[in-house]
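Please read the structure below before turning to the comments.
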Amino acid sequence: MEKHTIVHIKKDCISCGACAAIAPDYWEMDEQALAKLKGAVQKGENWELDINTEEAKAINQEAADVCPVNIIHIKKKE
């Protein structure tokens, strides 16, 4: 399996909770009611988490697909 990175543009979150509902092992709502990618590290304005299983990629792609503001991206790690 190729490695991928989940990129979350947290500053643009609208607090809908769709990602946390779809993928609660990876997403939760923080104390400000914004989506939080569990275990992610901040890189500039974004938050990133490396993943390396098809299961992780699939469930987080579902979370990205349901995000109404398109702030979750799955990128192939180089």
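The values are calculated or read from the model by the stated rules, or taken from the named source; none is laboratory data. Please read all numbers here as calculations on a predicted model, not as lab measurements. All Cβ positions, glycine included, derive from the backbone under ideal geometry; neighbour counts span all protein chains shown.
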(request) Run Trp27 past the list (1) without any contact (Cβ under 8 Å) to a residue 40 or more places away in the chain; (2) out of contact with any helix residue (DSSP H, G or I) (no Cβ under 6 Å at 6 or more places or on another chain) and report the number of the one that doesn't hold. (result) (2)
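Out of all the residues in the range 34-50, which are of a type in the set (A, V, I, L, M, F, W, C) and either in a strand (DSSP E or B) or out of contact with any Cys (no Cβ under 7 Å at 6 or more places or on another chain) (or both)?
Residues satisfying the conditions are Ala35, Leu37, Ala40, Val41, Trp47, Leu49.
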(request) Would you be able to tell me the number of residues in the range 1-17 that are buried (at least 19 other Cβ atoms within 10 Å of the Cβ) and more than 13 Å from His73 (Cβ to Cβ)? (result) 1
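Does the range 11-19 contain any residue that is assigned to a helix (DSSP H, G or I) and of a type in the set (A, V, I, L, M)?
Looking only at the range 11-19, we keep the residues that are assigned to a helix (DSSP H, G or I), and these are 11-12, 18-19.
From what's left, of a type in the set (A, V, I, L, M): 18.
Yes, that holds for at least one residue.
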(request) Would you check which residues across the range 53-78 are surrounded by 11 or more Cβ atoms within 10 Å (Cβ to Cβ) and at pLDDT below 95 and list them? (result) Lys77
(message) Out of everything in the range 41-52 that is touching a helix residue (DSSP H, G or I) at 6+ places or on another chain (Cβ under 9 Å) and surrounded by 11 or more Cβ atoms within 10 Å (Cβ to Cβ), what residue ends up being nearest to Glu2 (Cα to Cα)?
(response) Ile51
(request) Please work out if Glu48 is touching a strand residue (DSSP E or B) at 6+ places or on another chain (Cβ under 9 Å) and either aliphatic (A, V, I, L, M) or free of Cβ contacts under 8 Å to residues at least 24 places away in the same chain (or both). (result) no
